[in-house]
Amino acid sequence: MKIKVTTLRGTIFTQRIPLDNNTLQKILPLFDGYSVEMVPAGPEGPFPAIAFNWSLKSSKEECRIVFGNASIDIIKNVNTEPISETISEFSLFCQKSFENIYANYSNPVSRMALAPSLKVDLENEKEFIELTKNIASAKSFKDTPISTLSFTDVYRVNDKLGDMNVIFNFLSSFNTAEDLNTKAKDVVFGADINTYQGKPYNFDNTHLHDFYEKAAGWFDDFYKFYFKG
């Protein structure tokens, strides 16, 4: 069984930053090797997009910073095995990036998130059954082991950012992908650690720094909660 990080996302919910000359003068110098790109403001579909967000795309790696109507997302595509190191490095990149953006605009931030996705490569049915023993709440039905994983869990945890008491969502999702030819199964594990949407939080740079300082460690604990071995 091999587990790799496939996608990384860091998000802050804040006011839209428009694409204009003033913005380019402030933002572009913060991100060496990035250039402006327009991306559709919604899911892909059969019809041409009618609204777009602007983004900064790296020329060196699969990383994009998307400036949306109510959020800024940093999205990075990877395919690597050192889980803790990869997520910690990305979280620190989010920390530095969001702090620099906030320092130039000081727009209120209402929510923050770190959301990695991992792919579990399984060689055979036995490995899948062993994996489900740690993850699935119901191990079997009528003496038949579970054949797919498809569920979402949410845990709400109280902790601190700086001197502020904050409620965090720890969201996990599991889905099974099966190769119809070989019958081999892979499991996709997604985690989304974010500040609770039901509170009127107003985060500043201190809270941004603290969240992305801690988020990778929180993910590590959450990951080990499911993948115990």
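The values are calculated or read from the model by the stated rules, or taken from the named source; none is laboratory data. All values derive from a computational prediction rather than experimental measurement. Note: ideal-geometry Cβ built from the backbone for every residue, glycine included; neighbour counts use all protein chains shown. Please note that ligands, DNA and RNA were not included when accessible areas were found on the heavy atoms of the full protein model with its side chains. Shrake-Rupley method; radii C 1.70, N 1.55, O 1.52, S 1.80 Å.
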- Would you confirm whether any residue within region 70-79 is in a loop (DSSP other than H, G, I, E, B) and not hydroxyl-bearing (Ser, Thr, Tyr)? yes
- Six or more apart or on different chains, Cβ under 6 Å: which pairs go from a residue in region 125-139 that's modelled with pLDDT of 75 or more to one that's surrounded by 13 or more Cβ atoms within 10 Å (Cβ to Cβ)? Could you list them? Glu127/Met1; Phe128/Leu122; Phe128/Lys185; Ile129/Pro145; Thr132/Ile146; Ile135/Tyr226
- So Ile27, is it assigned to a loop (DSSP other than H, G, I, E, B), under 14 Å from Trp54 (Cβ atoms) and not polar (S, T, N, Q): no
- Query: Only one of (1) at pLDDT 95 or above; (2) out of contact with any helix residue (DSSP H, G or I) (no Cβ under 7 Å at 6 or more places or on another chain); (3) open to solvent by 80 Å² or more (accessible area, probe 1.4 Å) is not met by Phe203, so which one is it?
  - Reply: (3)
- Task: Among residues belonging to region 1-24 that are farther than 30 Å from Ile129 by Cβ, outside any loop (DSSP other than H, G, I, E, B) and modelled with pLDDT under 95, point out the one that is least open to solvent (accessible area, probe 1.4 Å).
- Result: Thr23
- Note on the structure: Residue set Val66, Val78, Val36; condition farther than 25 Å from Tyr196 by Cα, under 16 Å from the mean Cα position of the chain (by Cα), surrounded by 11 or more Cβ atoms within 10 Å (Cβ to Cβ) and modelled with pLDDT of 90 or more; output residue Val78
